[in-house]
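**Student:** Have a look at this one before I ask anything.
The values are calculated or read from the model by the stated rules, or taken from the named source; none is laboratory data. In this text the structure is predicted, and so the values were computed from the model without any measurement. Neighbour counts are summed over all protein chains in view; Cβ atoms, including those assigned to glycine, are modelled from backbone coordinates with ideal geometry.
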Amino acid sequence: MTTAAPAIELVGISKAFGSVQANKDISIRVMPGTIHGIIGENGAGKSTLMSILYGFYKADAGEVFIGGKKTAIPDSQAAIDAGIGMVFQHFKLVDNFTVLENVVLGAEEGFMLGTSISKARRVLKSLSEDYGLNVEPDAKIEDIGVGMQQRVEILKALYRQADILILDEPTGTLTPAEADQLFRILDRLKNEGKTIILITHKLREIMDVTDTVSVMRAGEMTATVKTAEVTPAELAELMVGRKVRLTVAKKDISVGEKILEVKDLSVKDINGVERLKGASFDVRAGEILGIAGVAGNGQSELLEALGGYQKATGSVTYKGAAMDLSGLVSNGQDRRSNGIAHVPEDRQSEGLIMEFMAWENAVFGYHLDPEFRKGWLTDNAAMKTDAAGKMERFDVRPPDPLLKAKSFSGGNQQKIVLAREFERSPDLLLIGQPTRGVDIGAIEFIHQSIVELRDQGKAILLVSVELDEILALSDRIAVMFDGRIMGERRPSETDESELGLMMAGMTKDVA
Amino acid sequence: MNELPRWAEIILVPLISLLLAAVLSALVILAIGENPISALQLMVQGALGSTYGWGYTLYYATNFIFTGLAVAIAFHARLFNIGGEGQATLGGLGVALVCVYIPWPHWSLALIGAMVGAAVLGAAWAAIPAFLQARRGSHIVITTIMFNFIAAALLNYLLIGLLKPKGSMEPATAKFAESTHLPSFQDMFSTADNVLFRGAPANVTFFVATLACILVWLLIWHTRLGYEIRSFGHSDSAAKYAGISPTKIIMITMMISGALAGLMAINNVMGEAERLILGSVEGAGFIGIAVALMGRSHPFGIFIAAILFGFLYQGGAELALWTSIPRELIVVIQALVILFTGALDNMVRMPLQKLFSLFKRTPVSEV
Amino acid sequence: APAVIYDLGGKFDKSFNESAYNGATRWAEETGGKFAEVELQSDAQREQALRRFAESGANPIVMAGFAFASALGEVSADYPDTKFVIIDMVVDQPNVRSIVFNEHEGSYLVGMMAAMASKTNTVSFVGGMDIPLIRKFGCGYAQGARAISADVTVIANMTGTTGAAWNDPVKGSELTIAQISQGSDVVFAAAGGTGLGVLQTAADKGILSIGVDANQNYLHPGKVLTSMLKRVDNAVYDSFMNGENVEPGINAMGLENGGVGFALDEHNEALVSDEMKAKVEEAIAMIASGELKVHDYTSDETCPAIQF
Amino acid sequence: MDLLTLLLILDSTIRLATPLLLACLAGLYSERAGIFDIGLEGKMLAAAFFSGAVAYTTGSAWLGLLAGIGASLVLSAVHGIASITFRGNQLISGVAINFLAAGLTVVIAQSWFKQGGRTPQLVGDARFEPITLPFADAVKDIPVFGVVYNELISGHTSIVYIALLLVPLTWILLYRTRFGLRLRAVGENPASVDTAGISVVRLRYIAVLICGVLCGLAGAYLATALQAGFVKDMSAGRGFIALAALIFAKWRPWQALFACLLFGFLQAMALRPDVLEQYLGFKVNAQLLDALPYILTVVILAGFVGKAIPPKAGGEPYVKER
Ligand SMILES: Nc1ncnc2c1ncn2[C@@H]1O[C@H](COP(=O)(O)OP(=O)(O)OP(=O)(O)O)[C@@H](O)[C@H]1O
Ligand SMILES: Nc1ncnc2c1ncn2[C@@H]1O[C@H](COP(=O)(O)OP(=O)(O)OP(=O)(O)O)[C@@H](O)[C@H]1O
Ligand SMILES: [Mg+2]
Ligand SMILES: [Mg+2]
């Protein structure tokens, strides 16, 4: 191979959002016809960097060279003109448009739509056939699944004849099988000479498909290496900045009585689509039941229904008594007073009120408690003292109850939620994605706290999309797929590949 | 974006917005060939230069406190209640029914009765849009606008029919009985040889309004309901998680909002006109929007903003009386205040943020 | 100095308020005096305007419009040394002069002329706000028309029930079109600013119209049959002339004292035949002498000639 | 009902529906692009005044029309700056614009013409005159068709025909052109438009300005075609009825036409209580008729008669960087 110019070269890219420095002086080169991985923890700045390359954000500083030529990318049109296509982490599709309309949007020829649409239909057909990306051109986006939606995004880029394709965490919402299919397509594209940038934080994907890989940490590019010359452990260390230890010390304790018994729990969403389809399981005192699964397979609905703010059918027994599943929001209050705590999956939109100060957040959900009341009025002083104590004990930094939640970092925000829920010493803890967007130090602390609670003989239902986390913490693992429990395993009796199959809905085990 | 310091957010931004509105208004006055300085002098003299002027200023302010609080409490639940006009209209109906059909022995009892009537009907008029928002997802802004028109038609129907005394030309109820007359500032503060607030309509309702400010302040920041309202306003998904019912909050908040708007009627209908006429609300429901925006939805801010608007109203009336500047000028000023404090506040805030970050380059706690 | 307060339509409404304004300016021109004036923009201003003028020493204070009655009732007692004149309504106070007009008599005259001018034997009336005062116009008009032709069709519509009805030319125009479709070829508008729409549409559609209060013949020369004059200008003028000595009490202005009448000028000469003139003059004489009694709707809220 | 009465009522329906239709289509462009506009009323009012004032001053209805559109465009630009550039609250901006127009028109009218906030009556070329369509006279004696053509279809001002033509035009633009595709997309998901390389800001400004032009037409129609001059508050809530019609029509052009005709018909019927009474056999309350469009809208909004789903991104400023 001659020393061809790099397909992409970024030099000194910096970008700040307000006080957050998302990218700091980042430089990177990607050679044509390769798949280049970018890996890094949540919030490391991966999406920001690629969005700058695609002209979605404007960099504060830095230069972009495409095919060796310095190229200004003030907006996405410039990026498209330079042959760049991007599939965003959150798809940029118009829900009530058809696939065709989404594909031609912005790439129409001429003022009238008719010709563009019929041309697009032809091109789409041949592209679909070429790459095995079968999509229904006249289906509405809102009616098709995420996997199909992703293919539409890829087709959008191909339709615009992109030579450089950026995919931002494409597998987060895909089953392993869908992911495999995607990687086959990427491989084909690469063989046709296209350049691909793949963002992920899954080491395995990097190892499997990329030629080179860059590691980002806290807004900085820490390394760029050939994939073949690096081990997963080394990558992980580069990613988080020190050695990773993903095992948690657990005492052997005997499990107690059944605390929670779930039978045939089903949930329909507002459109009447069944999201949870008759899940059944139980959780005993002193054990952690881990629910594994790809995001969007009914786990959120399960937590919401158990948390009392989602209408469900079936039966749930808590400490021998039937729980109200009517989804009346007041159920949430009853559950709390009966010793059920809930750490929601999304702390920013559920667990906390970003505009509230820490002390207000520290009583959120428990604000009706008599100890925070003085006659008709709330006892704000008591709340503040209480919050200060909790923040101290959970090492929230800074331990200032008067700071708004939004000015804490992700990990510290999560600690506020944990402090609030754990300090009640609940009999049952529902906890979703406990370490999403949290750095490694905090992860250890959080994992330890969860295990401590279990060691006190409490029942814990843990939902996580991180298999590692599930494997490290759970006493039993249930796998969810398409709203159903595919089966249960003990961590000692299973491994990632079996669980991965079950997460894709493939199992001989009948639940 | 960097956040502004609290004091700048609360005082500087509204003040600059107000200043911009004032400058533009001055330009309008110049453009129609009048002198803005002397216009301002006339307004100050007419609105604040005598107890009479104050009597009007505070009378208008009383109206605006109620409607401002109404808009503000809804804002706290992130609901935009444009229906203050209709709710205050219905509040007037409540006052009229109470005052016309019930023989009251003393004004204080009548006041309580009228407050109940006004609050109940105002709340009821807000409850329907609230219910439709909570349960059917109908946009509350549109429904409350529609309810303003429906209220006007309803009152029109009643005032030319059932409620109109026979032989009367005007669509209005009969004069309320003497025993329902609220003490005016003149009654309260005049001495035998020194008549204060002569003929001005300010009355005991002003103190009710002041009390309402305190109660709303307590409600929002010192009660569990207020906590829930604010939680819901900031994040409805989080509120649901915490066991706070959106339907309950929307209904209760809107009904409190409607009741507050309705309560305005004890000032203008019972305290001033002493009968119910068509169109007695006179846009106060809309001015409540400006007042709430100016006052940053805080009862204290609303109190100040309402007095400012009271000043504008009384001063504007004086302008209309003694110059050729039409009274509509205050509508223009009101519009500009809403525009700058409500819709264009980022225009003021963005440069300020830049300015402040120049002085203070340390980012938020990097832990 | 005297003061005048105009009602909501504004002093240039080409009608009622403008008539008051004309009276005031005539006084100012003749005497060289100065007078204070204000145009109301809202109902709530009534009392305030009265008080401010009274406070500032204006005397007498003339207000044009029935809607002042309740405010005046409040204010007059507080300023016993100030004289107030209210037009179109009776307020029984020792320092108030109430001037009312016999609009039914003037309307009777133009009703006769309308019936005579009509080729379709159908005439119509557009009222402003639906109040007894306006029905009084309509009732007089219908009686006049019936006096000419017993089987004449009289159509009457009101614009609305609120103050906005005085200022809704669009609705006035649509009502006129509807009346034309029902056969009317002469329309009488007693509707303030709304009437401008009526007159405009009548002119556009080629039928005759009748103005009100002031002389509106000039608005559409050759297309306005006549105007029912209500000499608000005289009332204001006289009050200003008498100054602080205006006499309290009720003053009825009718045909006999020139308070109401019909307009005849170069703009409508061609439309008013000698026969019309003769008949109308005859009626004037009979009414003035008491020989002919035109029913006043406000006296018992009924009308013998038309149903509202 | 005899044909002639019916025709007259329908004729009046068309006249009264025209300003509603123009304002409704105006709102359609803006809201389809994701910018809520409750300031239709204000823009219409401002346009009515400036068209009336300039038509009177120049004696030309067409110049008046231009001035009206200009005035409406200025307010549109204010709305655009507030809600697009500065990402302000679109509803509050709309409220402000309504008040701005209500106040300024009177203040300026008073200082310009000194006639209590109105313009002088417009005569001759200062007004749009009805147009007699070809053959209207020739066919007027043919039963039904001829009469309908002559009475109902012919004899309106040019703005009426423009408004009616705008309906199919809008439909084509919205559903059959590149511009329409982008406009609808930006109201549903602006990020999709942005990442497709199209400027969200420019697209939304265009939509808001089209809205301004149409409101300008609506206002000019009020002052220089339906009426002969401007009077204070002459829009009289039509902007809000147009908004109601827009919701009623679920943001679609043909349905907008029908909604506006329906509301126009209700207004026309309110002017003919005699006809109503004659055919219904009882007196219909005038206030009820006035309030009917609003009540209908509330019923529609409540989802009892189909669900009105607004453009998804409507009312929200497009913010990329928090
Ligand atoms: N639009 C935005 N406005 C403000 N801050 C932002 C914005 N987008 C990202 N950030 C911040 O910039 C930082 C980097 O975010 P970015 O989305 O690039 O991370 P990432 O590496 O893609 O993370 P993830 O794996 O979670 O997708 C984070 O702190 C984030 O909060
Ligand atoms: N939406 C936001 N608005 C304002 N400030 C924010 C926002 N998001 C993050 N920050 C600030 O940016 C800083 C970095 O946030 P980020 O969540 O990326 O932290 P982090 O380094 O990942 O910390 P942790 O390890 O605790 O998660 C925080 O200190 C916080 O103050
Ligand atoms: Mg990302
Ligand atoms: Mg983080």
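**Student:** With the structure loaded, tell me whether residue B:37 is at pLDDT 90 or above and either within 14 Å of chain D (Cβ to nearest Cβ) or surrounded by fewer than 18 Cβ atoms within 10 Å (Cβ to Cβ) (or both) or whether it fails that test.
**Tutor:** Details: at pLDDT 90 or above: yes; either within 14 Å of chain D (Cβ to nearest Cβ) or surrounded by fewer than 18 Cβ atoms within 10 Å (Cβ to Cβ) (or both): yes.
So residue B:37 fits the description; yes.
**Student:** How many residues are surrounded by fewer than 20 Cβ atoms within 10 Å (Cβ to Cβ) and not in a loop (DSSP other than H, G, I, E, B) when one looks only at the range A:68-105?
**Tutor:** Number of matching residues: 6.
Residue by residue, here is whether (1) in contact (Cβ under 8 Å) with a residue 24 or more places away in the chain; (2) away from every other protein chain (no Cβ under 14 Å) holds:
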{"position": "D:100", "(1), (2)": "yes, no"}
{"position": "D:110", "(1), (2)": "no, no"}
{"position": "D:118", "(1), (2)": "yes, no"}
{"position": "D:122", "(1), (2)": "yes, no"}
{"position": "D:154", "(1), (2)": "no, yes"}
{"position": "D:158", "(1), (2)": "yes, yes"}
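**Student:** Pull out all pairs, ordered by first then second residue, where Cβ-Cβ is under 9 Å, the residues are six or more apart or on different chains, the first lies in the range A:428-447 and is more than 14 Å from residue A:342 (Cα to Cα), and the second is among the basic types (Lys, Arg) and within 14 Å of ligand 1 (Cβ to nearest atom).
**Tutor:** A:436/A:347; A:437/A:347
**Student:** Also, I was wondering about something else. Just name the residue that is nearest to ligand 4 (Cβ to nearest atom) out of those in the range A:31-67 that are surrounded by 22 or more Cβ atoms within 10 Å (Cβ to Cβ) and assigned to a strand (DSSP E or B).
**Tutor:** Here the residue is A:40.
**Student:** Just checking, does the range A:467-475 include any residue being part of a strand (DSSP E or B) and surrounded by fewer than 24 Cβ atoms within 10 Å (Cβ to Cβ)?
**Tutor:** No, because not a single residue in the range A:467-475 is part of a strand (DSSP E or B) and surrounded by fewer than 24 Cβ atoms within 10 Å (Cβ to Cβ).
**Student:** List every residue pair whose Cβ atoms sit under 9 Å apart, with the two residues 6 or more apart in sequence or on different chains, where the first one lies in the range C:265-289 and is closer than 17 Å to residue C:217 by Cα and the second, anywhere, is of a type in the set (Phe, Trp, Tyr) and not in a helix (DSSP H, G or I).
**Tutor:** Pairs found: C:272/C:262.
**Student:** Test residue D:47 against the stated conditions and say whether it is in contact with an Asp or Glu (Cβ under 9 Å, 6 or more places away or on another chain) and more than 13 Å from every other protein chain (Cβ to nearest Cβ).
**Tutor:** no
**Student:** Also, quick follow-up: Residue by residue through the range A:301-319, note down the ones that are more than 22 Å from residue A:286 (Cα to Cα) and within 14 Å of chain B (Cβ to nearest Cβ).
**Tutor:** The answer is A:301, A:304, A:305, A:308, A:309, A:310, A:311.
**Student:** While we're on this one: Determine which single condition residue A:322 fails, assuming it passes every other condition in (1) within 21 Å of the chain's Cα centre (by Cα); (2) among the aliphatic types (A, V, I, L, M); (3) away from chain B (no Cβ under 12 Å).
**Tutor:** (1)
**Student:** Which of the residues belonging to the range B:322-365 are at the interface with another protein chain (Cβ under 8 Å from one of its Cβ atoms) and modelled with pLDDT under 80?
**Tutor:** The answer is B:324, B:363, B:364, B:365.
**Student:** Related question: For the range C:185-211, enumerate the residues that are part of a strand (DSSP E or B) and over 14 Å from residue C:124 (Cβ atoms).
**Tutor:** Correct list: C:211 only.
**Student:** Have a look at C:75, C:90 and point out the one that is under 21 Å from the mean Cα position of the chain (by Cα) and touching a residue at least 24 places away in the same chain (Cβ under 8 Å). Reasoning before the result, please.
**Tutor:** Values: C:75 fails: under 21 Å from the mean Cα position of the chain (by Cα).
One residue alone meets the criteria, C:90.
**Student:** In the range C:23-44, what count of residues is obtained for those that are away from chain D (no Cβ under 14 Å) and outside any loop (DSSP other than H, G, I, E, B)? Working first, answer last.
**Tutor:** Within the range C:23-44, the first condition is being away from chain D (no Cβ under 14 Å), and the residues that meet it are C:23-24, C:26-36, C:43-44.
Then drop every residue that is not outside any loop (DSSP other than H, G, I, E, B), which leaves C:23-24, C:26-31, C:36.
Total meeting the criteria: 9.
**Student:** Give the range A:184-225 a look and list any residue that's within 16 Å of ligand 2 (Cβ to nearest atom), touching a Leu at 6+ places or on another chain (Cβ under 6 Å) and either within 14 Å of another protein chain (Cβ to nearest Cβ) or part of a helix (DSSP H, G or I) (or both), or say none.
**Tutor:** none
**Student:** Now, a different point. Assess whether residue A:360 counts as being touching a Ser or Thr at 6+ places or on another chain (Cβ under 9 Å), more than 9 Å from chain B (Cβ to nearest Cβ) and charged (D, E, K, R). Walk me through it before giving the result.
**Tutor:** Values: touching a Ser or Thr at 6+ places or on another chain (Cβ under 9 Å): yes; more than 9 Å from chain B (Cβ to nearest Cβ): no; charged (D, E, K, R): yes.
Answer is no for this residue.
**Student:** Would you point out the residue of the range D:219-272, among those that are assigned to a helix (DSSP H, G or I) and of a type in the set (S, T, N, Q), that is nearest to the other protein chains (Cβ to nearest Cβ)?
**Tutor:** Residue satisfying both the conditions and the ranking: D:267.
**Student:** Given the residues D:141, D:125, which is the only one that is under 30 Å from residue C:206 (Cβ atoms) and assigned to a helix (DSSP H, G or I)?
**Tutor:** Only one candidate passes the filter, namely D:125.
**Student:** Could you list, in sequence order, all residues of the range B:94-145 that are within 14 Å of chain D (Cβ to nearest Cβ) and of a type in the set (A, V, I, L, M)?
**Tutor:** B:126, B:127, B:128, B:130, B:132, B:134, B:140, B:141, B:142, B:145
**Student:** Exactly one condition in (1) among the basic types (Lys, Arg); (2) surrounded by fewer than 22 Cβ atoms within 10 Å (Cβ to Cβ); (3) at pLDDT 85 or above is not met by residue D:238; state its number.
**Tutor:** (2)
**Student:** So, residue A:446, is that one within 16 Å of ligand 4 (Cβ to nearest atom), more than 22 Å from residue A:172 (Cα to Cα) and more than 14 Å from chain B (Cβ to nearest Cβ) or not?
**Tutor:** When the stated conditions are applied, residue A:446 passes them.
**Student:** Of everything in the range B:160-199, what is buried (at least 16 other Cβ atoms within 10 Å of the Cβ), modelled with pLDDT of 85 or more and closer than 30 Å to residue B:48 by Cβ? Give them in sequence order.
**Tutor:** B:181, B:182, B:184, B:185, B:186, B:196, B:197
One line per residue, one yes/no per condition, for (1) over 20 Å from residue B:83 (Cβ atoms); (2) within 12 Å of another protein chain (Cβ to nearest Cβ):
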| residue | (1), (2) |
| --- | --- |
| B:269 | no, yes |
| B:295 | no, no |
| B:304 | yes, no |
| B:307 | yes, no |
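**Student:** Another question about this same structure. Those residues that are outside any strand (DSSP E or B) and either of a type in the set (Gly, Ala, Ser) or under 19 Å from residue C:18 (Cα atoms) (or both), I need them from the range C:61-96; list them, please.
**Tutor:** C:65, C:66, C:67, C:68, C:69, C:70, C:71, C:73, C:76, C:77, C:88, C:89
**Student:** So which pairs qualify, if the first residue must be in the range A:86-108 and assigned by TED's automatic domain parsing to the domain that holds residue A:159, the second must be within 16 Å of ligand 4 (Cβ to nearest atom) and not in a loop (DSSP other than H, G, I, E, B), the Cβ gap must be under 6 Å, and the two must be at least 6 apart or on different chains?
**Tutor:** Close Cβ pairs satisfying both conditions: A:89/A:47.
**Student:** Same structure, new question: Among the residues in the range A:396-404, are any at pLDDT 90 or above, under 28 Å from the mean Cα position of the chain (by Cα), within 16 Å of ligand 1 (Cβ to nearest atom) and not assigned by TED's automatic domain parsing to the domain that holds residue A:474?
**Tutor:** Scanning the range A:396-404 turns up at least one residue that is at pLDDT 90 or above, under 28 Å from the mean Cα position of the chain (by Cα), within 16 Å of ligand 1 (Cβ to nearest atom) and not assigned by TED's automatic domain parsing to the domain that holds residue A:474.
**Student:** When only residues in the range A:413-441 that are within 14 Å of chain B (Cβ to nearest Cβ), within 16 Å of ligand 1 (Cβ to nearest atom) and farther than 28 Å from residue A:334 by Cα count, which is modelled with the highest pLDDT?
**Tutor:** This residue is A:438.
**Student:** Within the range A:35-49, is even one residue of a type in the set (Ser, Thr, Tyr), within 14 Å of another protein chain (Cβ to nearest Cβ) and either within 16 Å of ligand 2 (Cβ to nearest atom) or over 30 Å from residue A:411 (Cα atoms) (or both)?
**Tutor:** Yes, the range A:35-49 contains at least one residue that is of a type in the set (Ser, Thr, Tyr), within 14 Å of another protein chain (Cβ to nearest Cβ) and either within 16 Å of ligand 2 (Cβ to nearest atom) or over 30 Å from residue A:411 (Cα atoms) (or both).
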